[in-house]
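Working notes for the structure below.
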Amino acid sequence: RCEEEDVEMTEDAYAVLTRIGLETSLRYAMQLITAASLVARKRKGAEVGVEDIKRVYSLFLDESRSTQYMREYQEAFLFNELR
């Protein structure tokens, strides 16, 4: 996917992204590539590094973390008042 999008990435960033893909989903990991590339460009970096991957991982939730977030904060959401 990096080749298709012309994204240069460090070996360490590949390793982190691979782990994320194994623990979440391949689709989620692939979506992080584009976002991490944008973060790297913003900091004027030549390639995506581990910090770029960590940054986008903290900004965009995967399905599991999203579900966990909804459970933790369900009392604060409007749909809870409809019961």
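The values are calculated or read from the model by the stated rules, or taken from the named source; none is laboratory data. As the structure is a computational prediction, the values presented were derived from the model and not from experiment. All Cβ positions, even for glycine, are placed from backbone atoms using ideal geometry, and neighbour counts span all protein chains on display. Calculation scope for accessible area: heavy atoms of the full protein, side chains included, ligands and nucleic acids excluded. Shrake-Rupley method; radii C 1.70, N 1.55, O 1.52, S 1.80 Å.
General observations
- Among the residues of segment 43-59, those identified as of a type in the set (Lys, Arg) and either closer than 14 Å to Val7 by Cβ or part of a loop (DSSP other than H, G, I, E, B) (or both) are Arg43, Lys44.
- In segment 1-28, the residues that are under 21 Å from Arg65 (Cβ atoms) and of a type in the set (S, T, N, Q) reach residues that are surrounded by 11 or more Cβ atoms within 10 Å (Cβ to Cβ) and at pLDDT below 95 with C-beta atoms within less than 6 angstrom, at least six apart or across chains, in these pairs: Thr24/Asp62.
- Considering (1) surrounded by 11 or more Cβ atoms within 10 Å (Cβ to Cβ); (2) more than 10 Å from the chain's Cα centre (by Cα); (3) charged (D, E, K, R), the lone condition that Asp62 does not fulfil carries the number (2).
Condition check ((1) in a helix (DSSP H, G or I); (2) within 24 Å of Glu63 (Cβ to Cβ); (3) open to solvent by 100 Å² or more (accessible area, probe 1.4 Å)) across all residues:
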| position | (1), (2), (3) |
| --- | --- |
| Cys2 | no, yes, no |
| Glu5 | no, yes, no |
| Tyr14 | yes, yes, no |
| Leu22 | yes, yes, yes |
| Tyr28 | yes, yes, no |
| Gln31 | yes, yes, yes |
| Thr34 | yes, yes, no |
| Val39 | yes, yes, no |
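- Lone qualifier among Tyr57, Tyr69, Tyr73 - being open to solvent by 60 Å² or more (accessible area, probe 1.4 Å), in contact (Cβ under 8 Å) with a residue 24 or more places away in the chain and aromatic (Phe, Trp, Tyr): Tyr57
- Selection of segment 45-54 for residues being of a type in the set (A, V, I, L, M) and either open to solvent by 80 Å² or more (accessible area, probe 1.4 Å) or within 14 Å of Tyr28 (Cβ to Cβ) (or both) yields Ala46, Ile53.
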